[in-house]
1. Residues of the range 139-194 being over 22 Å from Val92 (Cα atoms) and among the polar types (S, T, N, Q), which ones?
2. When the range 56-84 is examined, which residues are found to be among the charged types (D, E, K, R) and either surrounded by fewer than 19 Cβ atoms within 10 Å (Cβ to Cβ) or not assigned by TED's automatic domain parsing to the domain that holds Arg174 (or both)?
3. Just wondering, is there one or more residues in the range 105-120 that are surrounded by 15 or more Cβ atoms within 10 Å (Cβ to Cβ), among the basic types (Lys, Arg) and within 21 Å of Lys73 (Cα to Cα)?
4. With respect to Ala140, determine if the residue is aliphatic (A, V, I, L, M), surrounded by fewer than 16 Cβ atoms within 10 Å (Cβ to Cβ) and at negative phi.
Amino acid sequence: MTEKDYNQQQRTSKAMQKQGNAEQKIEIAENKKVETAVENKKVEEKKTEKKQIQKVKRDEASVNGISLPISTKDSVAICKFVKHKTIERALVDLDLVSKFKKAIPMKGEVPHRKGKGMMAGRYMTKPVGYFIKMLKNLQANANVNGIEEAVIVEAIPNRASRPYGRFGRVKRKRTHIHIKVMEKNKLKAKEKKK
């Protein structure tokens with residue numbers, strides 16, 4: 001047998017050293033946990049500060065409709081009808097059009113409709129549905145950008161690439177639409193500067 005087994009004092013001192021080392025390791029681990037928790041809090045605070053800084057209020061909001069299956073001629077008439085109105089007013093008017101209560105004024109060889117200051121017009125239900133969806137999206141964009149009393153400044157329809165229909169006999173209707181709004185107060189300020 002070796003000396004280690006016989007020497008009781010040596011055995012107890014080694015056990016004490018092991019206990020001391022274990023306690024030191026526990027303390028070091030606790031200190032690391034505290035340090036990492038403090039660092040995590042600092043990182044989270046920095047993230048929240050960055051998020052607060054990134055929120056920028058804009059003057060305008062816009063929405064684009066790409067390759068919508070709408071006639072460009074109808075889109076031009078609806079854009080003229082909607083322009084210079086608030087989003088809420090435009091939505092109400094388009095809803096009346098879809099219910100055949102109000103006609104959209106048009107130019108060209110179009111039948112006459114009853115209405116104040118209108119010669120010819122149409123009740124376009126399909127294109128009006130697309131415009132209502134776009135205006136609702138635009139209203140959401142305006143709310144995110146912090147725009148109150150949003151007035152439609154631009155409503156621009158453009159011809160899109162027109163794919164051929166079945167068997168290549170017909171070219172389909174396609175239109176790009178861009179609608180832009182600005183805040184009423186800032187719009188007046190821009191007009192005064194000009």
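The values are calculated or read from the model by the stated rules, or taken from the named source; none is laboratory data. For clarity, every value in this text was computed on a predicted model and none was experimentally measured. Quick reminder, even Gly has a Cβ in these numbers, built from the backbone with ideal geometry, and neighbours come from all protein chains shown.
1. Asn145, Asn158, Ser161, Thr175, Asn185, listed by residue number.
2. Matches in the range 56-84: Lys57, Arg58, Asp59, Glu60, Lys73, Lys80, Lys83.
3. yes
4. Yes, satisfied.
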